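Participant: I am attaching a structure below and will ask some questions about it afterwards.
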Amino acid sequence: RILPLTTKGIAKGGGVYGAGIFDKKAVSENKDSLLAIGTNMWNKSPLIHGETDCIREFFELPEESRPRTKDTYFFTSHEPCPMCLSAITWGGFDIFYIFWSYEDSETLFDEPYSRRINEAVWGAQDGNYAHENRFWKAKYVVKMVEALEEGEVKSALQAQVARIKDTYAELWKKYK
C-alpha cells in the first residue's frame, strides 16, 4: 500500500519516499497489520517526509486503540534523512526496516542528499550512523532477504524485491 500512495503523491508533486507502521501482533497472526502510512509531500512543506507523515498519522489514531510504539514495526522505503531519524527516535519506535540504503539511493536513483547531510552536519563518514543504539535498531530489508537460505521463500522474496526495485525506478523517472 505504500507504493500506490507514493505514486499518487508523485502525481501531486511529492517525492518517492514512503513509510508504513505495522502492528507486531497482527503481523505474527498473519492479519492486516498496517496502522499508518505516509508519503513525501515536500512540495507542501519540507517537513512532510514519508516517515514524518506516517508518524503523524499513527499518533492521530485514537489513543485507546493505538498500540505502543514498541509493539509496532516501522518500515521506510529509503534510509531516513537526519530529520526523520530524529522523528523515529522521538516517536519511540525501537526498530525500523529500511528498503533502500543511502548507497542504494545514490547508486540506483542518483539521490545522495541524506547521506551528504549526515556527513556535513553530523560528521558521519559516508553518511553512516549507529544503526544499533540505545534508542533503536535499523535493519535493511534487501540484506535480510539476501541472507536467507536458498529456497522457495528466498526466491519469492527476491522476485518481490526486483518488482519493487523496477517500480521505484519508474517512479523515480517521474519524480526527477
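Participant: In the stretch 1-47, which residue that is among the small types (Gly, Ala, Ser) and in a loop (DSSP other than H, G, I, E, B) is surrounded by the most Cβ atoms within 10 Å (Cβ to Cβ)?
Facilitator: 14
Participant: Restricting the search to the stretch 74-93, which residues are open to solvent by less than 10 Å² (accessible area, probe 1.4 Å) and either of a type in the set (Ser, Thr, Tyr) or part of a helix (DSSP H, G or I) (or both)?
Facilitator: 76, 77, 84, 88, listed by residue number.
Participant: I would also like to ask the following. What are the pairs, 6+ residues apart or on separate chains, where a residue within the stretch 88-99 that is in contact (Cβ under 8 Å) with a residue 40 or more places away in the chain and closer than 13 Å to residue 78 by Cβ has its Cβ under 6 Å from a residue that is of a type outside the set (Gly, Ala, Ser) and surrounded by fewer than 17 Cβ atoms within 10 Å (Cβ to Cβ)?
Facilitator: Qualifying pairs under 6 Å: 97/139.
Participant: While we're on this one: Could you check residue 57 against (1) farther than 19 Å from residue 102 by Cα; (2) open to solvent by less than 20 Å² (accessible area, probe 1.4 Å) and say which number it fails?
Facilitator: Only one criterion in (1) farther than 19 Å from residue 102 by Cα; (2) open to solvent by less than 20 Å² (accessible area, probe 1.4 Å) is unmet by residue 57, namely (2).
Participant: Let me confirm something: among 121, 145, which residue is of a type in the set (A, V, I, L, M, F, W, C), part of a helix (DSSP H, G or I), in contact (Cβ under 8 Å) with a residue 12 or more places away in the chain and over 28 Å from residue 174 (Cβ atoms)?
Facilitator: Being of a type in the set (A, V, I, L, M, F, W, C), part of a helix (DSSP H, G or I), in contact (Cβ under 8 Å) with a residue 12 or more places away in the chain and over 28 Å from residue 174 (Cβ atoms) holds for just one of 121, 145, which is 121.
Participant: Looking at the stretch 11-33 only, could you name the residues that are at pLDDT below 85 and within 16 Å of the chain's Cα centre (by Cα)?
Facilitator: Correct list: 14, 15, 16.
The values are calculated or read from the model by the stated rules, or taken from the named source; none is laboratory data. Keep in mind that what you see is a predicted model, and the values were worked out from it rather than measured. When we count neighbours, we look across all protein chains shown, and the Cβ atoms used for this are built from the backbone with ideal geometry, even at glycine. Areas reflect the complete protein model, heavy atoms only, side chains present, ligands, DNA and RNA absent. Shrake-Rupley method; radii C 1.70, N 1.55, O 1.52, S 1.80 Å.
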